[in-house]
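The values are calculated or read from the model by the stated rules, or taken from the named source; none is laboratory data. None of these values were measured; they are calculated from a predicted model. All Cβ positions, glycine included, derive from the backbone under ideal geometry; neighbour counts span all protein chains shown. Please note that ligands, DNA and RNA were not included when accessible areas were found on the heavy atoms of the full protein model with its side chains. Shrake-Rupley method; radii C 1.70, N 1.55, O 1.52, S 1.80 Å.
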Amino acid sequence: RCVVLRFLKSPPNQNKTSEEILHHLQNIVDFGKHVMKQFFGENYVHHGEIIQLPLDFVRQLCLKIQPERPESRCDKDMDTLSGYAMCLPNLTRLQTYRFVEHRPILCIEIKPKCGFIPFSSHVSQEIKHKVCRYCMHQHLKVANGKWKRPSKYCPLDLFSGNKQRMHFALKSLLQEAQNNLKIFKNGELIYGCKDDQDGVSDWNELARHLKPFFFPSNGLVSGPHCTRTIVKELIHVITMTLLSSTDACRAGDMKTVPVSQGRSYCEASAFNKELVRNGKHKLESSGLPRGCLLYKTLQAQMLDMLDIEGLYPLYSRVEQYLEEFPEERSTLQIDGPYNEAFYEKLLDLSTEDDGTVAFALTKVQQYRIAMTAKDCSIMIALSPCLQDECSEQRPVVLTSKSRFTFSVSVLDLDLKPYESIPHQYKLDGKIVNYYLKNVQAKDDPVMSSLFKENEDCTLVLHKV
């Protein structure tokens, strides 16, 4: 039936009751249905449904998949006691047209991450207004051993709508996929990281898989020219599908956060550095078409209007209130239900703090939505189609030698936990401090002599 089963996982010895698991899964479904669908649109969000399975089947399934799970994920156990699971469409297959299921299908999964630079006046370090979170975080991740090399990918390039910058961003993702890019062929992973350290990008191997899609009857068989050409075609197709618009949704009518509030490029971007090296200082920003999924993703991300630094005191205000009135937690809908009323409250974009708990809570909930949008994945499924099959009803993208019907979907839309906000606050400080001390300081010789590792600095004031 081309569906996926999704089970809850939890740390060992933290067994939840069947009722708690059912409630948790129901919350995930409701959140997708009543909230994220409004932001992203009907065609892009697949919220799935809850089903109950025989326990014997679940246990056998768990034993079968355990050896396939990456080591870094084995700190949590799959729920085998409740029998509840979510049933979702398999997004590595084409969603819209069942008749092409027998055709080969290519699917590209991209985790674009946060596509804007904070514009909030609450930001305490100037560097956050210049360098994006992703580019700063790369350095800390490499230092911690999560990745071997920093990626040249910068989300602001992908979200720019400028084709040259988007091509550069996608090429960088293909060079250093980390966990931001995966490619599937007929549902099987053929390209991307299997675990944290595995970052080998074999473009020739990838080109071998992709050649029948892009050059079905062409004599280009081997050699770097062929590989480069195929990768170029792939990047072109991804760009065109990301800029396409196949859905209308209410978020389109929503009063949007003006993108111009933030700077449209990141100083650490390799693309930007290249421009500066060539004596150009002006980055062309074409902007995204309003109906495309990247635009909608960016709008949802920009509900983080205060940055974590401006949000954290509001979170503390809510926390203080809950300490005094713990029974109010359900009235405030912190843990759901995620219904129409929950969505309506998110539409208040005012940033004037009136000192109330209601204001603080609205900003906290908007921040959680923004965090969810910053961590979602976009799935692009492509299937070759013949000229006579491609009628006007189906979105089609053309390359030099072939044509594809495609569907674009978004997944990983679970609401980020309320409890994770203090962690986000600490992590933000860690990322910025590491970057200032080890990256920016090295770029600036005056700073680097001041910031010697693990040395105390004393500020000496002279009377003038």
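Would a scan of the range 74-84 turn up a residue that is in contact with a His (Cβ under 7 Å, 6 or more places away or on another chain) and either over 30 Å from Ala169 (Cβ atoms) or small (Gly, Ala, Ser) (or both)?
Looking through the range 74-84, none of the residues is in contact with a His (Cβ under 7 Å, 6 or more places away or on another chain) and either over 30 Å from Ala169 (Cβ atoms) or small (Gly, Ala, Ser) (or both).
I'd like the full set of residues that are under 20 Å from Leu242 (Cα atoms) and of a type in the set (S, T, N, Q), limited to the range 111-167.
The answer is Ser160, Asn162, Gln164.
Taking Leu427 and the conditions (1) open to solvent by 20 Å² or more (accessible area, probe 1.4 Å); (2) modelled with pLDDT of 80 or more; (3) farther than 30 Å from Met86 by Cβ, which numbered condition does it fall short on, given that it satisfies the others?
Unmet for Leu427, out of (1) open to solvent by 20 Å² or more (accessible area, probe 1.4 Å); (2) modelled with pLDDT of 80 or more; (3) farther than 30 Å from Met86 by Cβ: (3).
Go through Val58, Val100 for me and flag whichever is modelled with pLDDT under 85 and in contact with a Ser or Thr (Cβ under 8 Å, 6 or more places away or on another chain).
Val100
I'd like to verify a number: residues in the range 82-97 that are in a loop (DSSP other than H, G, I, E, B) and at pLDDT 90 or above, how many? Break it down stepwise before answering.
Applying the first criterion (in a loop (DSSP other than H, G, I, E, B)) to the range 82-97 yields 82-83, 90-97.
Filter again for at pLDDT 90 or above, leaving 82-83.
Total satisfying the criteria: 2.
If the requirement is being open to solvent by 10 Å² or more (accessible area, probe 1.4 Å), closer than 30 Å to Ile230 by Cβ and not in a strand (DSSP E or B), which of these qualifies: Tyr321, Tyr295, Tyr338?
Tyr295 is the lone residue from the list that is open to solvent by 10 Å² or more (accessible area, probe 1.4 Å), closer than 30 Å to Ile230 by Cβ and not in a strand (DSSP E or B).
For the range 341-351, give me each residue that is assigned to a loop (DSSP other than H, G, I, E, B) and either of a type in the set (Lys, Arg) or over 19 Å from Pro417 (Cβ atoms) (or both).
Passing the criteria: Leu347, Asp348, Leu349, Ser350, Thr351.
Scan the range 174-191 and give yes if some residue there is among the hydrophobic types (A, V, I, L, M, F, W, C) and in a helix (DSSP H, G or I), otherwise no.
Checked against the condition, which is being among the hydrophobic types (A, V, I, L, M, F, W, C) and in a helix (DSSP H, G or I), the range 174-191 yields at least one hit.
It is to be established whether one or more residues within the range 354-373 are surrounded by 16 or more Cβ atoms within 10 Å (Cβ to Cβ), at pLDDT 90 or above and in a loop (DSSP other than H, G, I, E, B).
no
Quick grid of which residues meet (1) in the same structural domain as Cys154 (by the TED database); (2) open to solvent by less than 10 Å² (accessible area, probe 1.4 Å); (3) of a type outside the set (A, V, I, L, M, F, W, C); (4) in a strand (DSSP E or B):
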residue: Arg59; (1), (2), (3), (4): no, no, yes, no
residue: Ile65; (1), (2), (3), (4): no, no, no, no
residue: Arg103; (1), (2), (3), (4): yes, no, yes, no
residue: Lys113; (1), (2), (3), (4): yes, no, yes, no
residue: His122; (1), (2), (3), (4): yes, no, yes, no
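When you look at Lys171, is it open to solvent by 50 Å² or more (accessible area, probe 1.4 Å), touching a helix residue (DSSP H, G or I) at 6+ places or on another chain (Cβ under 8 Å), closer than 15 Å to Leu382 by Cα and at pLDDT 90 or above, yes or no?
no
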